[in-house]
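Accompanying notes for the structure given below.
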Amino acid sequence: MKKITIIGAGFAGLTAVRQLRKLEQAVEITLIAPRPELQYLPSLIWVPSGLRKREDIIIPLANFFKRMDVKFVQASVTGLKDQGRTVVTDQGPVTNDGLIIASGGRFIKKLPGIEHAITPCEGIDAAEKIRDRLAAMQGGTIAMGFAGNPNEPSAMRGGPMFEFLFGTDTLLRQQGRREQFKMVFFSPAPKPGIRLGENAVKGLMDEMAKRDISTHLGHKMVGFEADKVKTEGGEFAADLILFMPGMTGNLWFDNSELPRSEGGLVKANQHCKVESMSAVYVAGDSGSFPGPDWMPKQAHMADLQAECAAKNLIAELNGKTADATFKIELMCIIDSCDKGLFVSRTENKNTVLPANKAMHWTKRGFEWWYLRQYR
């Protein structure tokens, strides 16, 4: 029986499990992750308002692993040897005949004083910290922003910052406290969100103006202080700072033979294959893939890449042509806790629908539909 190892229990890793089992029952699947749980990151935006709690975000995976006949190894990966055939972990080596790397990305924390900013997509702990800080504030300036990886245009996650921005504004208005706060959105990009398309950027900027949210755009980041955001275009005071830096590869990549992109991610081709290695594939935030510079780092894209990686790995192990490719598609609902702005983009089409209540409920419905397969 062929042995396949998956690194990571996020969107890409779990979708790879489902696709592998769909294609092949007679294969041994081992999944390595620090904990047997999925953090449903898209719903972190609803934690500050109380729409979601920790138990809604963290999904235990023991039942899913049992149903899928997956051997779970609770460990942290520290490296890779033997051209991918041996995964090195802090609990010992794990060998395989095929490997799918789905270990996510790592936020670049190089800016001086970045410890004073909360990075929302780091998980539930960060979201709860935002919730508690907001609840304790009597007023002041709230600054939210994001940046990218200059060497990897796709290695950024800006969408959630718009959601935290608009969601916080909505929450403060619902609480009757909005007039006690100044809100500032900042980014080194002159057109933040441009990967969503020109129409989306205009819609986002118009929404900020409508909500009386100030902007500080187009200036390179310099750093942070406990009560200050500093850029080359000036600095401004802030009592609460939320910042999403660009992304790069995991630290353990340095202890491997994996080929790397300029931005530090695992270099893959259009088939999700790590070209210089046999039966090694990558999906999701860990990988650098050929495609347009707007190709997103989001759960939907990770799912599409994971399906592709699983198909090609099974084909390769069975001696067949591994020629499946993945659709490049950006699809998201930018939610503000009571309404949602739908955006989709492919290489041929860009659609933006005005914010409405139906989209907010669609996003909540999708959460239920998506998570039921893992509960």
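The values are calculated or read from the model by the stated rules, or taken from the named source; none is laboratory data. Please read these numbers as outputs of a predicted model, since none were measured by experiment. Using ideal geometry, Cβ is built from the backbone for each residue, glycine included, and neighbour counts are taken over all protein chains shown. Ligands, DNA and RNA are excluded from the accessible area calculation, which covers all protein heavy atoms including side chains. Shrake-Rupley method; radii C 1.70, N 1.55, O 1.52, S 1.80 Å.
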Which value, to two decimals, describes the C-alpha radius of gyration of segment 16-103 once divided by 2.2 N^0.38 Å?
1.28
Would you compute the Debye intensity of segment 103-210 from its alpha-carbon atoms alone, equal scatterers and no solvent, and pass along log10 I(q)/I(0) at q = 0.11, 0.12, 0.20 Å⁻¹ to two decimals?
-0.39, -0.46, -1.24
If the only charges are +1 at each Lys and Arg Cβ and -1 at each Asp and Glu Cβ, what is the size of the charge dipole of segment 1-82 around the Cα centre, to the nearest 20 debye?
100 debye
Connecting every pair of Cα atoms under 10 Å apart in the chain and solving the GNM, the largest mean-square fluctuation among THR215, THR248, THR321 falls on THR321
By a straight-distance test (C-alpha under 28 Å), which lysines pair with LYS129 as possible cross-link partners, with residues fewer than eight away in the same chain excluded?
LYS53, LYS109, LYS110, LYS182, LYS210, LYS220, LYS228, LYS230, LYS297, LYS339, LYS357, LYS363
Please build a GNM for the chain, connecting alpha carbons under 10 Å apart, and tell me which residue among GLY79, GLY13, GLY246 fluctuates the most.
GLY79
When the expected Rg is taken as 2.2 N^0.38 Å, what fraction or multiple of it is the alpha-carbon Rg of segment 119-180?
1.28
For a test of the definition: using alpha carbon positions, the gyration tensor, and the 1.5 limit on a/c, classify segment 48-161 as rounded, prolate or oblate.
oblate
The whole-number value in µm²/s of the Stokes-Einstein translational diffusion coefficient for segment 313-368, with Rh from the Kirkwood sum over alpha carbon pairs at 10 °C and 1.306 mPa s, is 117 µm²/s
So which aspartates and glutamates pass the test for LYS267, namely a Cα distance under 14 Å, with those fewer than 8 places away in the same chain ruled out?
GLU152, ASP254, GLU257, GLU275, ASP285
Taking the Cα centre of each part, how many Å lie between segment 123-137 and segment 55-94?
30 Å
Using alpha-carbon positions, what is the distance between the centroids of segment 333-375 and segment 173-250, in Å?
22 Å
With all protein chains modelled, accessible area of HIS116 [1.4 Å, Å²]
80 Å²
Of ALA315, ALA135, ALA117, the most mobile residue in a GNM of the chain (C-alpha springs, cutoff 10 Å) is ALA135
Could you state the accessible area per residue of the chain in Å², with a 1.4 Å probe and every protein chain left in place?
43 Å²
Gyration tensor on Cα atoms of segment 221-372, a ≥ b ≥ c root eigenvalues, a/c under 1.5 rounded, else prolate if a/b beats b/c, else oblate, says oblate
Note on the chain, DSSP bridge orientation, antiparallel percent to nearest 5 equals 50 percent
Among 359-366, 341-348, 183-190, what's the highest-first ranking by average C-beta atoms within 10 angstrom per residue?
183-190, 341-348, 359-366
What's the whole-number percent of alpha carbon pairs in the chain lying beyond 36 angstrom?
23 percent
Over the Cα atoms of segment 166-222, what radius of gyration and what Dmax do you get, in Å?
12.6, 35
Folded to 0 to 90 degrees: helix 124-136 orientation relative to the chain principal axis, Cα:
10 degrees
If I compute solvent accessible area with a 1.4 Å probe over the protein chains, what percent of it on segment 14-96 is carbon and sulfur?
49 percent
In square nanometres and to one decimal, what's the mean projected area of the convex hull around the Cα atoms of segment 150-300?
11.0 nm²
